[in-house]
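K.L.:
Pasting in a structure now, in structure tokens, and then I'll have a few things to ask.
The values are calculated or read from the model by the stated rules, or taken from the named source; none is laboratory data. These numbers were taken from a predicted model, which means no experiment stands behind them. Every residue, glycine as well, gets a Cβ built from its backbone with ideal geometry; the counts of neighbours run over all protein chains shown.
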Amino acid sequence: MRAYWLYLSLGIIFEVLGTICMKFADGFSKWLPSVFVFIFYGLSLGLLVLVLKKMEVSIAYAIWAGLGTALIAAIGMIWFKEPVSSTKIISILFIIAGILGLELYD
């Protein structure tokens, strides 16, 4: 089961990288980041498929999507200088709390 947590973690990382490449692809007008969007999302979804062999889809997908969202929101604020607000921070914390709740109180 531990390998599946590694697969899920890598899947989340690849999903985040794919989303960052979307930003750099500029509406698919730049070819290299556009190619990486598909590579990273393909790897991410491939790993998620492996995870679903051992994990419930409701738990695995919630963790994958939730942590990916929280990470992208943080990266957007830090790296892309998007506006930071207390509402954004609290919302990210709620996402993380929800993920922990799904996993810890299953």
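K.L.:
For the range 1-43, which residues satisfy the criterion of being modelled with pLDDT of 95 or more, among the charged types (D, E, K, R) and closer than 30 Å to E103 by Cβ?
P.N.:
Across the range 1-43, the qualifying residues are E15, K23.
Results for (1) under 21 Å from R2 (Cα atoms); (2) within 15 Å of the chain's Cα centre (by Cα); (3) crowded, with 16+ Cβ neighbours inside 10 Å, shown as yes or no for each residue.
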site	(1), (2), (3)
A62	yes, yes, yes
A65	yes, yes, no
F80	no, no, no
P83	no, no, no
S86	no, no, no
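K.L.:
Now a separate question. All but one of (1) more than 30 Å from R2 (Cβ to Cβ); (2) in a helix (DSSP H, G or I) hold for G27, so report the exception by its number.
P.N.:
G27 satisfies every listed condition except (2).
K.L.:
Restricting to the range 34-85, name every residue that is hydroxyl-bearing (S, T, Y) and free of Cβ contacts under 8 Å to residues at least 12 places away in the same chain.
P.N.:
Once the filter is applied, which keeps residues that are hydroxyl-bearing (S, T, Y) and free of Cβ contacts under 8 Å to residues at least 12 places away in the same chain, the range 34-85 yields only S85.
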